[in-house]
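Report on the following structure.
The values are calculated or read from the model by the stated rules, or taken from the named source; none is laboratory data. Bear in mind that the values here come from a model prediction, so they are computed numbers and not experimental data. Counting neighbours? That spans all protein chains shown, and the Cβs are built from the backbone with ideal geometry, glycine included. Accessible surface is based on the protein model in full, side chains and every heavy atom, while ligands, DNA and RNA are left aside. Shrake-Rupley method; radii C 1.70, N 1.55, O 1.52, S 1.80 Å.
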Amino acid sequence: SQAKGKAKKSTVKFVIDCAAPVDDKVLDIASFEKYLNERIKVGDGKTGNLAQCGVVITRDRTKITVASPQDLGFSKRQLKYLSKRYLKKQQLRDYLRVIAKSKNSYELKYYQITAGDDEEAEE
């Protein structure tokens, strides 16, 4: 799938999958999207630059997708950082973690709390 010769610049898509917290109604994906819109820095390290740089943030019910021109070199790590900041702001950081699901997607997952471990340890 070498579609390099197209006039349209290739875009990179980053996905943040928030299905678990959205289904549990603990995360408001619209406000998360707004937060990312206001916080993501592109170009010369400034916020509010998304449109000029051709970065598009879209969301559906459970996912946020950030599409960015390939040559912009958008930092995936920044998304992880901002996701964690947002979770902290919403006091969800203790329950949710940001996991890399694939090369360019993250997933908000609950910490696996294994019940009953400490009882056994006391014997």
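So which residues in segment 56-74 are open to solvent by 50 Å² or more (accessible area, probe 1.4 Å) and within 17 Å of E33 (Cα to Cα)?
V56, T58, R59, D60, R61, K63
Scan segment 69-82 and give yes if some residue there is under 15 Å from the mean Cα position of the chain (by Cα) and among the acidic types (D, E), otherwise no.
Scanning segment 69-82, I find no residue that is under 15 Å from the mean Cα position of the chain (by Cα) and among the acidic types (D, E), so the answer is no.
Name, by its number, the condition in (1) hydroxyl-bearing (S, T, Y); (2) loosely packed, with under 14 Cβ neighbours inside 10 Å; (3) touching an Asp or Glu at 6+ places or on another chain (Cβ under 7 Å) that does not hold for S105.
(2)
Among the residues of segment 63-90, write down those that are aliphatic (A, V, I, L, M) and at pLDDT below 95.
Correct list: L72 only.
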